[in-house]
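Here the structure is laid out as structure tokens; the discussion comes afterwards.
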Amino acid sequence: MENITELITNIINDDTIIKAVFSGVRNKSEKTFTKVTIKKVIIKNEEKYQFEYFYDKNVEHKNLNKSETIDEMCYLTQTYFKQIVINTIQSDYQILVSKKGVAKVHKKAATRKFEAPTHNKKKKYILNEGELSPFLIELGIMTPQGKIVNAKYDKFKQINRYLELVSDCIPYLDKNKTIRIIDFGCGKAYLTFALYDYLVLKMGYNVEIVGLDLKENVISFCSDLAKKLKFEDLRFEQGDIKGFDQFTNVDMVISLHACNTATDEALAKAVNWGAKVILAVPCCQHEFLKKIKNEKMIPMMKYGIIKEKLASLLTDSVRANVLEIMGYRTQVLEFIDMEHTPKNIMIRAFFDDNSNIEKVKKEYEEFKSEWNVKPYIEEAFGKSLTDKLNK
Ligand SMILES: C[S@@+](CC[C@H](N)C(=O)[O-])C[C@H]1O[C@@H](n2cnc3c(N)ncnc32)[C@H](O)[C@@H]1O
């Protein structure tokens, strides 16, 4: 194998490697990974060789410098694999190793073009660790040095996912005017602050954002924080969604994890105000659980947990369909992975041309009679929905 060691050393020292693939495990009883590939990458401005180890169900990576790469390539060739293909700028090498460990090298004309090594960058999110964000620091998610607090990592991911979903709504918001947004059931307002930071500080929009919540203590906390952060066009008010009648028109309505039928109240306000964008993540839905009846579905409904999940899905289906009937292009999306929160369905709706209304209306009526329900959302919407349904 001496000539192999020399060949690998020269290829790496001359910096001519483009790619290498190791395959065919020699001794199956020792099998852990089944294939290894190598390519060059740039990490923190330094050139490295990235080894990718393919296992049955996962892939692992190691980034090595030149001398470590020579050692690892020699080790894999001498002890582990039967076939090694190394593509360099000048030639391709195929190394075949017999059961007894005898290696033969075949040299051929180069078949791969040189490609500049890729930057091994992490995906860029709207908010990033290391980029100081005063609101995240104040909310205890980021340290003043820019590190995400371990225990708050899920929250940080949720905020970024939320902003990603908001960023798709930008084409519906008119930059030439003040965008009025209301966040119903804002709670401690992590997402409301994130929205303000994104739209005003990052995107340069003029906004008027109101966060509404039933709880006096959270409103007082959020109002103080908005003042401290100098988020001048963000204010918080205490109140019930149902009774909120300060505005007659709003551009965007958000309601995340507001409990039970509070989501229906939020959707009704949004639509009746002519909001162009609606984002809602429903939570603890009890309404349908008590109401639904369907003889054919007894095999599902006799199990409490299944019935509960079924009732939630039916409620969200009704909400999404009602928004379609009211002329919205409606999407139902995963808000965040199930492992982070069970409340993961987002209803996102844009006021758009919806030519499908008659078909959806018919399907909606049939669906209601199949499940024997009169959804509360119809009461929340009132005349606007009744008129549409009876037209
Ligand atoms: C689970 S928290 C969610 C907070 C925040 N939206 C989030 O997703 O991080 C739900 C909030 O909705 C508020 N809420 C529930 N029903 C409401 C209603 N009818 N009117 C106003 N706020 C309500 C609660 O007080 C609570 O703070």
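Within the stretch 230-257, residues that are closer than 30 Å to E334 by Cβ and in the same structural domain as A189 (by TED's automatic domain parsing) have Cβ atoms under 6 Å from residues that are more than 13 Å from the ligand (Cβ to nearest atom) and in a helix (DSSP H, G or I) in these pairs: F231/Y196; L234/Y196; L234/A226; F236/S223; V253/A270, counting only partners at least 6 apart in sequence or on another chain.
Could you check the stretch 356-391 and list, in sequence order, the residues that are out of contact with any Phe, Trp or Tyr (no Cβ under 7 Å at 6 or more places or on another chain) and among the aliphatic types (A, V, I, L, M)? Step through it out loud before you land on a result.
Our first condition is that a residue be out of contact with any Phe, Trp or Tyr (no Cβ under 7 Å at 6 or more places or on another chain); within the stretch 356-391, this holds for 356-372, 374-391.
Across the stretch 356-391, the qualifying residues are I357, V360, I377, A380, L385, L389.
Among the residues that make up the stretch 353-365, is at least one of them within 23 Å of E164 (Cα to Cα) and either assigned by TED's automatic domain parsing to the domain that holds A266 or in contact with a strand residue (DSSP E or B) (Cβ under 9 Å, 6 or more places away or on another chain) (or both)? Scanning the stretch 353-365 turns up no residue that is within 23 Å of E164 (Cα to Cα) and either assigned by TED's automatic domain parsing to the domain that holds A266 or in contact with a strand residue (DSSP E or B) (Cβ under 9 Å, 6 or more places away or on another chain) (or both).
For the stretch 137-194, which positions are within 11 Å of the ligand (Cβ to nearest atom), within 20 Å of the chain's Cα centre (by Cα) and not aromatic (F, W, Y)? Scanning the stretch 137-194 gives K155, Q158, I159, A189, L191, T192, A194. For V59, the conditions (1) under 31 Å from the mean Cα position of the chain (by Cα); (2) surrounded by 14 or more Cβ atoms within 10 Å (Cβ to Cβ) are fulfilled apart from (2). Residues that are within 20 Å of L289 (Cβ to Cβ) and not polar (S, T, N, Q) were ranked within the stretch 365-375; the one that is surrounded by the most Cβ atoms within 10 Å (Cβ to Cβ) is P375.
From the set of residues in the stretch 297-315 that are part of a helix (DSSP H, G or I) and of a type in the set (S, T, Y), which is farthest from L173 (Cα to Cα)? Before the answer, list the steps.
So in the stretch 297-315, the residues part of a helix (DSSP H, G or I) come out as 297-301, 304-315.
Checking the rest, the ones that are also of a type in the set (S, T, Y) come to 312, 315.
Details: S312: 31, T315: 28 Å.
Filtering first and then ranking leaves S312.
Please tell me if N3 is at pLDDT 90 or above, in a helix (DSSP H, G or I), more than 30 Å from the chain's Cα centre (by Cα) and closer than 22 Å to Y93 by Cβ. Here the answer is no, as N3 does not meet what is asked.
Is there a residue being more than 16 Å from the ligand (Cβ to nearest atom) and in a helix (DSSP H, G or I) anywhere in the stretch 333-342? Scanning the stretch 333-342 turns up no residue that is more than 16 Å from the ligand (Cβ to nearest atom) and in a helix (DSSP H, G or I).
The values are calculated or read from the model by the stated rules, or taken from the named source; none is laboratory data. Given the structure is predicted, the values throughout are model-derived calculations rather than measurements. In this analysis, Cβ positions are derived from the backbone assuming ideal geometry, glycine residues included, and neighbour counts consider all displayed protein chains.
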